[in-house]
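Trainee: The structure is given below, and queries will be raised subsequently.
The values are calculated or read from the model by the stated rules, or taken from the named source; none is laboratory data. As the structure is a computational prediction, the values presented were derived from the model and not from experiment. So basically every Cβ, Gly included, is an ideal-geometry build from the backbone, and we count neighbours across all protein chains shown.
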Amino acid sequence: MRMTKVCFALLILAFTACHSDIKIKTGENTDSPELSVEPPFIHTVYFWFKEGVTDAQIRDFARASMGLREIQGVLKVYDGTPAATDRPNLEKSYDYALVVLMKDLATHDAYQQDSIHLNLLATYSSMFERVLVTDID
């Protein structure tokens, strides 16, 4: 039984070293720590480019989009194009997408007014035919 507890503790330690957003909560009973993952605020943006937008312009926009990582409270930024998957009800008509993981709703609200975000919009919004935004709390 003691070996099981030691192995479990080592597993938790390894997990927390790899995933900084995992926190160990301990209550009254310190023999059974409870793992807790703080869910991020997820901001997803899908882009459809206007006809005539070049591959070079898209690459420039993608590179500039990674600057969103510098906004305080942004945890991660992912980007990409539709995956090569096929099944019913799969949305693949967009050209490019961004997924921004943020600390919380307050971070999202500040992000909307941050100069990095506003400059990105001012510089590249003329390239978009359509934009779809989803937020998950």
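Trainee: Surrounded by 11 or more Cβ atoms within 10 Å (Cβ to Cβ), modelled with pLDDT under 95 and in a strand (DSSP E or B): is that true of LYS23 in this structure?
Mentor: Values: surrounded by 11 or more Cβ atoms within 10 Å (Cβ to Cβ): yes; modelled with pLDDT under 95: yes; in a strand (DSSP E or B): yes.
Taking the combined requirement at face value, the residue satisfies it.
Trainee: Yes or no: segment 83-97 includes at least one residue that is outside any loop (DSSP other than H, G, I, E, B) and in contact with a strand residue (DSSP E or B) (Cβ under 6 Å, 6 or more places away or on another chain). Break it down stepwise before answering.
Mentor: Taking segment 83-97 first, the residues outside any loop (DSSP other than H, G, I, E, B) are 96-97.
Applying the additional criterion that residues be in contact with a strand residue (DSSP E or B) (Cβ under 6 Å, 6 or more places away or on another chain) yields 96-97.
Yes.
Trainee: Right, something else. Restricted to segment 84-115, and to residues that are of a type in the set (Ser, Thr, Tyr) and within 19 Å of GLU129 (Cα to Cα), which residue is surrounded by the fewest Cβ atoms within 10 Å (Cβ to Cβ)? I'd like the intermediate steps shown before the answer.
Mentor: Initially, segment 84-115 is screened for residues of a type in the set (Ser, Thr, Tyr), giving 85, 93-94, 96, 107, 111, 115.
With within 19 Å of GLU129 (Cα to Cα) added as a condition, the list becomes 93-94, 96.
Numbers: SER93: 9, TYR94: 16, TYR96: 19.
If we take residues in segment 84-115 being of a type in the set (Ser, Thr, Tyr) and within 19 Å of GLU129 (Cα to Cα), then SER93 is surrounded by the fewest Cβ atoms within 10 Å (Cβ to Cβ).
Trainee: Same structure again: Mind checking which residues of segment 63-82 are part of a loop (DSSP other than H, G, I, E, B) and touching a strand residue (DSSP E or B) at 6+ places or on another chain (Cβ under 7 Å)?
Mentor: Just the residues of segment 63-82 that are part of a loop (DSSP other than H, G, I, E, B), to begin with: 71-73, 81-82.
Matches in segment 63-82: GLY73, THR81.
Trainee: Which one of THR44, THR81 is among the β-branched types (Val, Ile, Thr), touching a Ser or Thr at 6+ places or on another chain (Cβ under 7 Å), at pLDDT 95 or above and surrounded by fewer than 17 Cβ atoms within 10 Å (Cβ to Cβ)? Write out each step before concluding.
Mentor: Numbers: THR81 fails: touching a Ser or Thr at 6+ places or on another chain (Cβ under 7 Å).
Checking each option against the conditions leaves just THR44.
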